[in-house]
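Notes for the one structure printed next.
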Amino acid sequence: MIKYLLTSLFVGLFALESFAIERDTTIHSNGNPIITHVFTADPAAMVYKGKVYLYTGHDEAPTGHNGYVMHNWLCFSSDDMVNWTEHTPPPMDVKTFKWAKDDAWASQVIERDGKFYWYVAVEHGTIPGKSIGVAVSDSPTGPFVDARGTALVTNDMTKAMKHPWDDLDPTVMIDDDGQAYLFWGNGICYYAKLKKNMTELDGPIKTISLPHYTEAPWIHKRNGWYYLSYAYEFPEKTAYAMSRNINGPWIYKGIINELAGNSNTNHQAIIDFKGKSYFIYHNGALAADAGSFHRSVCIDYLYYNKDGTIKRVVMTTEGVDEAK
Ligand code: FUB
């Protein structure tokens with residue numbers, strides 16, 4: 001009997017332990033928002049070896065709380081944009097950056113030479129204001145470690161805006177010639193070259209003037225055009241500009257997404273996957289109240305015109321079909 005009880009206890013403890021370290025939960029999304037068991041915000045997506053990796057912020061404000069409470073970032077992957085694997089535990093926490101205080105805000109991951117670089121906005125611990133850090137991993141799902149031990153961009157490095165939260169929302173791109181660029185900013189869009197190591201700026205920080213620019217830049221390239229989409233006004237719509245050169249001039253092309261329901265932010269990512277283009281954003285659809293601080297990621301199709309301009313996004317309840 002004692003032997004039986006001890007065996008049961010051991011099996012029970014083993015099951016509990018397995019549950020605690022359980023990885024890779026599968027989610028079948030049922031339209032928009034695509035993830036419903038947890039609040040997800042500020043999406044960034046990367047296509048790597050036939051899969052989409054979706055990195056999001058994580059809204060954890062108590063119900064009714066009017067303000068962001070965000071301490072870690074989440075990661076999901078999919079072969080078809082509908083069936084998602086949640087990589088748990090969350091692959092990165094704001095504590096990864098010892099110099100940071102809190103606020104795991106918007107981020108983006110990019111691959112270079114088999115390493116994955118995760119650029120994030122966080123509140124700096126000693127230099128007042130938002131700052132940008134970069135973590136690195138050998139795998140898109142982590143574990144990630146601080147790549148520098150210090151911030152890549154701090155508020156005292158940028159002077160174009162007086163408010164201390166102008167250094168947020170990083171977006172990265174590696175151009176066809178191998179040169180990498182970092183864009184970011186609230187109130188103004190900053191950009192700078194990155195060294196090949198992806199962890200140091202390579203030259204001066206420049207600014208781009210865009211109509212009604214608020215934040216959330218996303219840089220992508222397609223058929224020889226550079227696209228710079230961004231949050232427009234506040235509450236936010238999404239607008240974009242196009243250029244033949246990453247250094248501009250940028251030609252403003254208009255709004256691509258309207259206000260996202262029940263959220264004053266919109267925060268887009270744009271990717272191509274298996275022959276289709278996708279607009280990934282967040283809204284406040286799952287929130288009982290304070291939707292701007294309880295956001296959820298949604299995915300709809302993005303369509304280009306023949307001349308490369310972008311058609312306005314239709315936000316839907318149904319979302320997208322399985323990509324084949
Ligand atoms: O998630 C915090 C902030 O909200 C982000 O930095 C902005 O882009 C907005 O989505």
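Each value in this text was obtained by applying a stated rule to the coordinates, not by laboratory testing. Predicted model, so just to flag it, every value in this text is computed and none were measured. Here the Cβ is made from the backbone with ideal geometry for all residues, glycine too, and neighbour counts use every protein chain on show.
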Query - Value of D in µm² per second that Stokes-Einstein yields for segment 132-203, Kirkwood Rh from Cα pairs, at 37 °C (0.692 mPa s) - result: 250 µm²/s
Report task. Rank Asn264, Asn186, Asn247 by mean-square fluctuation in a GNM of the chain with C-alpha springs under 10 angstrom and give only the top-ranked residue. Result -> Asn247
Query raised in the report: In what order do Lys311, Lys51 fall by count of nearby beta-carbon atoms within 10 Å, going from fewest to most?
Result: Lys311, Lys51
Query raised in the report: Going down the table (Lys193/Lys221; Lys51/Lys221; Lys95/Lys115; Lys101/Lys221; Lys130/Lys195; Lys276/Lys311), which pairs top 25 Å between alpha carbons?
Result: Lys101/Lys221
Requested in this report: Kindly state, as a whole number, the per residue volume in cubic angstrom of the convex hull around the alpha carbon atoms of the chain.
Outcome: 158 Å³
Query raised in the report: What list of whole percents do you get for P(r) of segment 114-235, with Cα-Cα distances grouped in 5 Å bins up to the one holding the largest distance?
Result: 2, 11, 20, 24, 21, 13, 7, 2, 0
Report summary line: Least to most buried among His71, His124, by other C-beta atoms within 10 Å and fewest first, runs His71, His124
Report task. Would you compute the Debye intensity of segment 30-74 from its alpha-carbon atoms alone, equal scatterers and no solvent, and pass along log10 I(q)/I(0) at q = 0.22, 0.31 Å⁻¹ to two decimals? Result -> -0.84, -1.15
Report summary line: Between Ala288 and His71, the FRET efficiency computed from the C-beta separation at R0 = 22 Å comes out, to the nearest 0.05, as 0.55
Report summary line: The answer for trypsin sites (Lys or Arg not before Pro) in segment 249-298 that fall in a DSSP coil and have at most 16 neighbouring Cβ atoms within 10 Å is Lys274
Report summary line: Projected onto their principal axes, the Cα atoms of segment 259-324 stretch, largest extent first, over whole-Å spans of 40, 26, 16
Requested in this report: Could you state the angle between the C-alpha long axis of helix 2-20 and the longest principal axis of the C-alpha atoms of the chain, as a value from 0 to 90 degrees rounded to the nearest 10?
Outcome: 0 degrees
Report task. Over the alpha-carbon set of segment 213-324, divide Rg by the Kirkwood Rh and report the Rg/Rh ratio to two decimals. Result -> 0.98
